[in-house]
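Below is one structure, written out as structure tokens; the observations come after it.
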Amino acid sequence: MSFPSIQWYPGHIAKAEKALQDQLKRVDVVLEVRDARIPLSTLHPNLEKWIAGSKRVLVINRVDMITTEVRDRWQAWFKAQGQVAYFTDGNQGKGVGQISRAAQAAGVAMNKRRQARGMLPRPVRAVVVGFPNVGKSALINRLLKQRVVESARKAGVTRQLRWVRISEELELLDSPGIIPSQLDNQEAALKLAICDDIGQAAYDTQRVASAFVDLINTLDKSEQARALGNSEAPLNELPLNVNQLHQRAQALQARYGINPTDYTGETYLCMLADQLFQGSQERAARKLLIEFRKGVLGKLSLESPPDLPSE
């Protein structure tokens with residue numbers, strides 16, 4: 001069965017993206033925020049080109065929604081790419097202090113250059129960028145230690161650029177979520193929809209819920225094969241705890257009493273609908289996605305670090 005592609009590029013994002021590109025010429029540091037559940041799918045393909053010349057601080061937010069083991073594996077993977085990843089929980093404030101310090105440290109060189117030209121130091125100007133609903137505004141509110149910018153766990157809350165002063169040393173520009181005008185990678189688009197990192201008008205809820213179950217089965221089987229030695233595991237990849245095999249499927253079975261490993265996503269959704277909602281697949285799909293997004297199903301990541309080449 002074929003489905004229409006997932007596309008979402010509302011007018012406020014197109015307008016804000018143009019303004020953001022203009023502001024990027026004036027900032028010293030770019031705080032790039034990604035979703036810890038899908039760190040690769042929340043990498044904007046144009047960001048590297050836009051921020052050329054600016055210091056980049058990589059923030060992996062929503063760390064509360066993945067396990068410590070998964071976080072460690074991602075940290076090792078980013079390190080192997082020559083990147084330092086800062087893992088944060090913007091809602092609770094975990095890891096937020098290190099972001100402020102990293103941004104201010106990145107601006108030291110800027111002020112040294114200003115002083116060399118006889119100019120007074122100024123606050124570091126940083127911009128917070130990322131896909132919709134990855135927690136940018138929540139991070140800023142934590143940095144400010146008060147609720148100044150509107151924040152909610154849904155895409156499209158922030159609609160315009162806004163400067164806020166964090167301290168005498170740091171100013172931050174909050175921006176609306178940025179997303180490619182064309183989502184060519186539909187696998188990534190599905191993950192964005194599952195995690196609510198894209199507007200709900202862009203997708204069919206039942207299709208996305210079914211894809212969520214299929215993805216869970218695919219990820220569990222892939223990790224099982226690697227852990228049991230049925231596929232080549234890179235020498236420098238952190239080992240997967242065998243006790244965590246089928247963790248995602250087990251979470252669904254524990255919650256709903258149906259093991260997804262034996263079914264396609266569509267069949268699983270039908271069974272869940274019959275069991276809970278008198279056959280309403282729409283209600284079943286909404287429940288499944290909402291409970292995943294709220295963490296009711298536990299700490300479930302939807303991406304694993306790509307293989308690192310063995311040396």
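Considering the range 90-142, the residues that are of a type in the set (D, E, K, R) and free of Cβ contacts under 8 Å to residues at least 24 places away in the same chain include one that is farthest from ARG26 (Cα to Cα), namely ARG101. Residues in the range 26-46: is at least one of a type in the set (Ser, Thr, Tyr), surrounded by 15 or more Cβ atoms within 10 Å (Cβ to Cβ) and free of Cβ contacts under 8 Å to residues at least 60 places away in the same chain? No.
Where strands (runs of 3 or more DSSP E) sit wholly within the range 46-139, those with at least 1 residues that are of a type in the set (D, E, K, R) occupy 55-61, 124-130. Filtered by the rule that a residue be over 20 Å from the mean Cα position of the chain (by Cα) and more than 29 Å from HIS12 (Cβ to Cβ), the range 198-213 gives a lone residue, SER210. Number of residues in the range 58-76 that are touching a residue at least 60 places away in the same chain (Cβ under 8 Å), surrounded by fewer than 21 Cβ atoms within 10 Å (Cβ to Cβ) and touching a strand residue (DSSP E or B) at 6+ places or on another chain (Cβ under 8 Å): the value is 1. Restricted to the range 45-94, and to residues there that are more than 21 Å from ARG142 (Cβ to Cβ) and either among the acidic types (Asp, Glu) or outside the structural domain of ALA19 (by TED's automatic domain parsing) (or both), the residue that is modelled with the lowest pLDDT is GLU48.
The values are calculated or read from the model by the stated rules, or taken from the named source; none is laboratory data. Since the model is a prediction, treat every value here as computed from it, not as a measurement. When we count neighbours, we look across all protein chains shown, and the Cβ atoms used for this are built from the backbone with ideal geometry, even at glycine.
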